[in-house]
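The values are calculated or read from the model by the stated rules, or taken from the named source; none is laboratory data. Note that the coordinates shown come from a computational prediction; the quantities given were computed from them, not determined experimentally. Note: ideal-geometry Cβ built from the backbone for every residue, glycine included; neighbour counts use all protein chains shown. The protein model used for the area step is the full one, side chains on, heavy atoms only, and it has no ligands, DNA or RNA in it. Shrake-Rupley method; radii C 1.70, N 1.55, O 1.52, S 1.80 Å.
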Amino acid sequence: MSEAAPSGLSGRLERSFNTLFSVLSASNHEATKLLERTSLPGWARKHLFFFLGYVAKADGRVTEQQIRFAESLMRALQLSPGQRQRAIRAFQRGKDMEELPGSRGLRMRLHNTLNPEPALVVMFCLCHATQIEGTPSKQRRYRCEDAVDRTGLPVDAMEIVLNSYASHTRRSRPELRPAPTSYDDACKLLGVHARASLKDIKQAYRRRVSECHPDKLGSGLSDDEYARAKDRLLRYQQAWEIIKKRERARRR
């Protein structure tokens, strides 16, 4: 495990945090896979989707990516049509909240002394939602902090999870990085040294493209996975354009 639980946690809470963090790491930092490998009781699901809606509306509107993420969690939980409708209603209620009422999350806080795992699973999902579109705004981060606080968990735990997501994203989700603006940025994005030959850089570019080109991914991917692949491809193409532009300038 690459991170340690925050100091000051009770023994039960610390053990649950460490266990779930290990599952998250083994799940490639995908909250959907975390849900598939753990469990979330029915009473806790309404809290999850309520808080998701609250976080999703942080910047004024709910994006398609936030909606797709919520839907992916519903699929991971294998919700029935009726359960899905209740989850959607909870998401919409959270979305309409300007601030959280004091009673929100009370049952989860009371439950933590017996079993903190539901609150922790909710927190891991909220952290994923908070950074799913890249570095979160101050308002989105604040709403995540507010929601985590209502689950009865320490904000220090949220910080560890967010930092872990961010570190993983920088390594594996180039589509969430800012668009490259320099030759060095472009080379880093393609995973090559800035002093590499044009031939080596071109090979790296083609290799990266082959990993994410939608035409080469085959069937069986979700809409969200296809959208990520297209965004990743765009980043690689932007990097290659910068490299080609520099090479043209050198030949003049």
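General observations
- In degrees, nearest ten, helix 138-150 long axis to first principal axis of the chain (Cα): 30
- Point-to-point label distance, Glu247-Thr181, nm (Cα→Cβ direction, 7 Å offset): 2.5
- The residue list Ser39, Ala239, Thr19 was ranked by how far each Cα lies along the charge dipole of the chain toward its positive end, using unit charges on Cβ atoms, and Ala239 comes out on top.
- For the pair Leu114 and Tyr142, a Förster radius of 41 Å applied to the C-beta separation gives a FRET efficiency near 0.90, rounded to the nearest 0.05.
- Sorting Thr113, Thr38, Thr151 by accessible area puts them as Thr113, Thr38, Thr151; the probe is 1.4 Å, largest comes first, and only protein heavy atoms count.
- Counted residue by residue at 0.36 nm each, then reduced by the alpha carbon distance between them, the extension gain from Ala196 to Ser210 reaches 3.0 nm.
- Relative to one another, the C-alpha centroids of region 55-110 and region 17-34 are positioned 20 Å apart.
- Nearest-ten-degree value, helix 223-251 long axis tilted from longest Cα axis of the chain: 30
- Where the Cα pairs of the chain fall when distances are cut into 5 Å bins, in %: 1, 6, 13, 15, 17, 14, 11, 8, 6, 4, 2, 1, 0, 0, 0
- Extension gain, Asn163-Asn18: 0.36 nm per intervening residue step, less the Cα-Cα distance, totals 50.7 nm.
- Computed accessible area, Tyr183, all protein chains, 1.4 angstrom probe, square angstrom: 40
- Using the Cβ-Cβ distance between Glu36 and Arg93 with R0 = 30 Å, the FRET efficiency computed as 1/(1 + (r/R0)^6) comes to roughly 0.70.
- Among the listed pairs Lys202/Lys244; Lys202/Lys245; Lys57/Lys138; Lys199/Lys244; Lys46/Lys230; Lys138/Lys230, those with a Cα-Cα distance over 21 Å are Lys46/Lys230; Lys138/Lys230.
- Using alpha carbons only: equivalent-ellipsoid semi-axes of region 64-138, gyration tensor based, whole Å: 20, 18, 15
- Reduced Cα scattering model of region 37-86, Debye log10 I(q)/I(0), q = 0.30 Å⁻¹: -1.26
- Helix content alone sets the calculated 222 nm mean residue ellipticity of the chain: runs of n ≥ 4 DSSP H residues at -39500 (n - 2.57) each, divided across all residues, give -22000 deg cm²/dmol.
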